[in-house]
Amino acid sequence: DWTMAAFKEQALDAIRKQVGDGKVICGLSGGVDSSVVAVLLHEAIGEQLTCVFVDTGFMRAGESEQVVSMFRDNYNIQLVHRDASDDFLGAIGDSIDPEVKRKAIGKLFIDVFEEEAKKVGGADFLAQGTLYPDVIESVSFTGGPSVTIKSHHNVGGLPERMNMQLVEPLRELFKDEVRDLGRELGLPDSFVDRHPFPGPGLAIRIPGQPINREKLDILRKADSIYLEEIRNAGLYNTIWQAFAVLLPVKTVGVMGDARTHDYACALRAVTSTDGMTADYYHFDHDFLSRVANRIINECRGINRVTYDITSKPPGTIEWE
Ligand code: XMP
């Protein structure tokens, strides 16, 4: 019988065989996949593993601190934390084209990652949280044969440049199996059950307008209110992913007896099993009213809230 406990033992064996006494470097994003890879590798090879967390500045509220304390303090995993938020904002500049932004972020990510990898003395292996759907999706995507819908964020190209081999222990797993493996490894539910989060982060949730720190802060606040309400309603684990998008339009509103002219935001929530298709989540209207009221009252800079009812296809989950 196939169990996750057995899979874990096999994976540990396979890693030890592949790596020998080599050094492994692993990029941590704060997401489920890279967290599971890191803890699995740590269990397999201990001190031979170094993790690198490149902080783009596009993370959600409190996320960077959580990643660092989780891995450095609780797991005692060797962790390099590089705050590169200025560089990332600079790399995007005033770009508003989704692919231009994705590519700029992806390229800088690789450069910063490589710098940090060299600082720790290089490595023989690069560990990655590639999942089965990633393997499939890079071949054919829902848009049809050989059409790139979105350039995905990863450290492609780096293994050759630095002469590293890939370690990809999750290649055969779907997301729900990765979560089971995480639980098997003793990762806390708060990490294992996390919603997916794209590498380019909040930078692809501020569409159609130049990005700056002020907009990132507004979006971060709206996003955290929305997710807090989702958790309070007991809906977090039913939903595949939920987030706010800061729209490139200011609308007129009224607050007390004053006129406002502030941003509109969109809320998105979807159910899915692998991210390849998705349905929008049918919240009840009381819930949506509560979230909208809180965002408009507590988020200076937003005076209107809309709800995105597009499924995938034809929409993608992220707006960019
Ligand atoms: P889309 O928006 O293409 O997203 O329907 C499908 C799933 O992938 C996530 N996503 C990314 N994940 N790097 C990632 O690691 C990326 O560049 C990226 N872009 C999208 C998205 O959040 C959703 O879960």
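The values are calculated or read from the model by the stated rules, or taken from the named source; none is laboratory data. As the structure is a prediction and not an experimental result, all values here were calculated from the model. Quick reminder, even Gly has a Cβ in these numbers, built from the backbone with ideal geometry, and neighbours come from all protein chains shown.
Suppose the filter is of a type outside the set (A, V, I, L, M, F, W, C), within 16 Å of the ligand (Cβ to nearest atom), surrounded by fewer than 20 Cβ atoms within 10 Å (Cβ to Cβ) and outside any loop (DSSP other than H, G, I, E, B); does residue 115 pass it? No: the conditions fail for residue 115. Looking at the range 192-207, which of its residues are within 30 Å of residue 100 (Cα to Cα) and part of a helix (DSSP H, G or I)? Result: 201, 202, 203, 204. Do we find a residue being modelled with pLDDT of 85 or more and more than 13 Å from the ligand (Cβ to nearest atom) anywhere in the range 138-156? The answer is no; no qualifying residue exists. Give the residues of the range 256-275 that are surrounded by fewer than 18 Cβ atoms within 10 Å (Cβ to Cβ) and more than 16 Å from the ligand (Cβ to nearest atom), sorted by residue number. Selection gives 256, 257, 258, 259, 260, 261, 264. Of the residues making up the range 286-303, those that are touching a residue at least 60 places away in the same chain (Cβ under 8 Å) and of a type in the set (A, V, I, L, M) are 291, 295, 302. Residues in the range 276-297 that are more than 15 Å from the ligand (Cβ to nearest atom) and over 17 Å from residue 230 (Cα atoms): 297 only.
For residue 202, indicate whether it is under 21 Å from residue 31 (Cβ atoms), at pLDDT 95 or above, aliphatic (A, V, I, L, M) and under 18 Å from the mean Cα position of the chain (by Cα). For residue 202, the condition - under 21 Å from residue 31 (Cβ atoms), at pLDDT 95 or above, aliphatic (A, V, I, L, M) and under 18 Å from the mean Cα position of the chain (by Cα) - is met. Could you give me the residue pairs with C-beta distances under 6 Å whose first residue belongs to the range 188-202 and is within 26 Å of residue 105 (Cβ to Cβ), whose second residue is assigned to a loop (DSSP other than H, G, I, E, B) and near the ligand (Cβ under 9 Å from one of its atoms) wherever it lies, and which are 6+ apart or on separate chains? Correct list of pairs: 197/31; 198/318; 199/153; 200/153.
Residues are listed down the side, and each one gets a yes or a no for (1) of a type in the set (S, T, N, Q); (2) within 15 Å of the ligand (Cβ to nearest atom); (3) within 30 Å of residue 12 (Cα to Cα):
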| position | (1), (2), (3) |
| --- | --- |
| 176 | no, yes, yes |
| 181 | no, no, yes |
| 197 | no, yes, yes |
| 205 | no, yes, no |
| 209 | yes, no, no |
| 224 | yes, no, no |
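Consider only pairs whose beta carbons are under 7 Å apart and that are at least six residues apart or on different chains; among these, list those whose first residue lies in the range 304-320 and is not assigned by TED's automatic domain parsing to the domain that holds residue 274 and away from the ligand (no atom under 15 Å from the Cβ) and whose second residue is in a loop (DSSP other than H, G, I, E, B) and of a type in the set (Lys, Arg). Listed by first residue and then by second, the contacts come to nothing, as the list is empty. Among the numbered conditions (1) over 20 Å from the mean Cα position of the chain (by Cα); (2) modelled with pLDDT of 95 or more; (3) farther than 17 Å from residue 164 by Cα, the only one that residue 55 does not meet is (1).
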